[in-house]
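Following: one structure in C-alpha cells, then a few remarks.
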Amino acid sequence: MSSQSGPSSKLPLLDFSTPESTKTGSSEWESLKPQVRKALEEYGCFEACFDNIPSDLLGAVYRSTEEIFELPLASKQQNVSEKPYHGYVGHIAQVPLYESLGIDGVTVGERVEALANTMWPQGNPTFSKTIESYAEKLSELDKTVRKMIAESFGLEKYIDDHINSTSYLLRLSKYNGLNTPGSELGLAPHTDKNWMTILHQDQVEGLELQTKDGSWIKFQSSTPNSFIVMISESLGAWLNGRLGATCHRVMMYGNEARYSLGLFSFPKHGFVIEVPDQMVDEEHPLQFKPFYYEEFLSFFYTKTGQAAPCALRAFCGV
Ligand SMILES: O=C(O)CCC(=O)C(=O)O
Ligand SMILES: [Fe+2]
C-alpha cells in the first residue's frame with residue numbers, strides 16, 4: 001500500500017444545487033440516485049455541489065470557527081463529552097497540529113446556544129445562528145443522499161425510521177500551519193464510524209482519500225461550496241458491506257492554518273443497526289450481527305479495538 005500522495009485526481013462531482021435535486025421522486029432525484037450509488041461503490045465518497053449553503057453563510061461559519069479556536073484553552077476545554085472526539089480535542093501527542101471542537105446534537109434546538117453561553121459569558125448569538133443554520137441546511141444533504149442510497153437498494157421501508165433516528169455532530173477542526181518546510185500528517189488515516197460524513201475544507205486544502213488500489217488522492221474542491229460526502233462504517237455495515245467507508249487523512253504542507261467542518265450523522269441512542277433481510281442472499285451472506293453504534297464506538301477506542309485490523313468486524317462480524 002502506498003503512503004505517497006498521488007496526483008490530484010477528480011472524484012465524481014454531483015450537482016445538488018437545484019431545489020428539485022433534494023425532492024424525492026423528481027427527475028433530478030431519479031437521475032442523481034444511480035450516480036450516487038455508482039460513485040459510492042467506486043470511491044465510497046463523492047464531491048457534492050450544494051448551493052443551499054450560500055458563500056456568505058460558509059464565510060460566516062469559518063469566521064465563527066476561527067473565533068472559537070481563538071478562545072483561551074480553558075474555555076475550549078469546557079466543551080466536554082463522554083464520547084471521544086465529541087468535545088474539545090487539543091494538540092494531542094500523535095497529531096500536534098490538530099485541534100477540534102465537537103458540537104453534539106447540533107441540529108437540536110438550544111444545543112448550540114448552550115455551548116455559546118459556556119464559551120462566551122455574554123453568549124454569542126451570531127455564532128449560534130450561523131452554526132445552527134449551517135448544520136440544519138447541510139443535514140438536508142445527508143438525508144437526501146441516505147434516502148437515495150436506501151432507495152437504490154430497495155430499502156424504502158426503512159427510510160423514515162432511519163431519518164427520524166438520526167443525530168448530528170458538527171466537528172470544527174483547525175490544523176496549525178507548519179513551521180518547517182515539507183509536509184506533515186495533520187490527521188492520521190482513518191475511516192469514520194458513523195452513518196455518513198459531509199466535509200468541507202476552507203482555502204487551505206489537505207484532505208486526501210484512499211482509493212481501492214491503496215493510492216491517495218488529494219481532494220481539491222471544484223467550487224467554493226463543494227462538499228465531500230463519505231460513507232462511514234455503520235452505514236456500510238447496515239448495507240451488509242455492499243458499500244464501504246473511505247479511508248482518509250489530512251496532510252499539511254504550508255504555514256497557513258487549515259480549517260475544516262465535518263457534519264457526522266449517526267443513529268440515536270437505542271437504535272439497533274441490523275442488516276435488512278433483503279441485503280442477505282447466497283451471493284451476499286450476512287456480514288454483521290446487530291449492534292448499537294455507541295457500543296461500537298466505545299469498543300473502537302479500547303485497546304482491543306485499536307489493535308484490531310478491522311474494529312467493526314472484531315466487534316460484530318459474523
Ligand atoms: O479535516 C478534514 O478535512 C477531515 C476531518 C476528519 O476526517 C474527521 O474529523 O473525521
Ligand atoms: Fe474522518
Among (1) over 17 Å from the mean Cα position of the chain (by Cα); (2) modelled with pLDDT of 95 or more; (3) farther than 23 Å from E132 by Cβ - the single one G59 does not satisfy | (3)
Selection over the stretch 269-286 where residues are buried (at least 16 other Cβ atoms within 10 Å of the Cβ) and in contact with a Lys or Arg (Cβ under 8 Å, 6 or more places away or on another chain) yields a count of 1
Conditions (1) assigned to a helix (DSSP H, G or I); (2) within 29 Å of F16 (Cα to Cα): number failed by V108 | (1)
Picking from E256, E282, the residue that is in a loop (DSSP other than H, G, I, E, B), without any contact (Cβ under 8 Å) to a residue 40 or more places away in the chain and either more than 16 Å from ligand 2 (Cβ to nearest atom) or over 12 Å from the mean Cα position of the chain (by Cα) (or both) would be E282
Is there a residue being closer than 23 Å to V108 by Cβ and open to solvent by 20 Å² or more (accessible area, probe 1.4 Å) anywhere in the stretch 202-219?
-> no
State which residue is farthest from ligand 2 (Cβ to nearest atom) when the search covers only the stretch 169-186 and only residues that are touching a Leu at 6+ places or on another chain (Cβ under 6 Å) and outside any loop (DSSP other than H, G, I, E, B).
-> E184
Would you mind stating whether K143 is farther than 17 Å from V61 by Cα, open to solvent by 10 Å² or more (accessible area, probe 1.4 Å) and either within 12 Å of ligand 1 (Cβ to nearest atom) or touching a His at 6+ places or on another chain (Cβ under 6 Å) (or both)?
-> no
Which pairs do you get when a residue that is within 8 Å of G102 (Cβ to Cβ), found in the stretch 80-91, comes within reach of a residue that is open to solvent by 50 Å² or more (accessible area, probe 1.4 Å) and part of a loop (DSSP other than H, G, I, E, B), reach meaning Cβ atoms under 8 angstrom, with the pair 6+ apart or on two chains?
-> G87/V80; Y88/Q77; Y88/Q78; Y88/V80
What tally of residues in the stretch 125-138 results from selecting those that are touching a residue at least 24 places away in the same chain (Cβ under 8 Å) and surrounded by 14 or more Cβ atoms within 10 Å (Cβ to Cβ)?
-> 9
Spot the failing condition for P189; the list is (1) within 15 Å of ligand 2 (Cβ to nearest atom); (2) crowded, with 16+ Cβ neighbours inside 10 Å, and only one is missed.
-> (2)
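The values are calculated or read from the model by the stated rules, or taken from the named source; none is laboratory data. Here the structure is a predicted model, which means the values were calculated and not measured. Backbone-built Cβ (ideal geometry, glycine too); neighbour counts: all protein chains shown. What goes into the accessible areas is simple: the full protein's heavy atoms, side chains included, and nothing from ligands, DNA or RNA. Shrake-Rupley method; radii C 1.70, N 1.55, O 1.52, S 1.80 Å.
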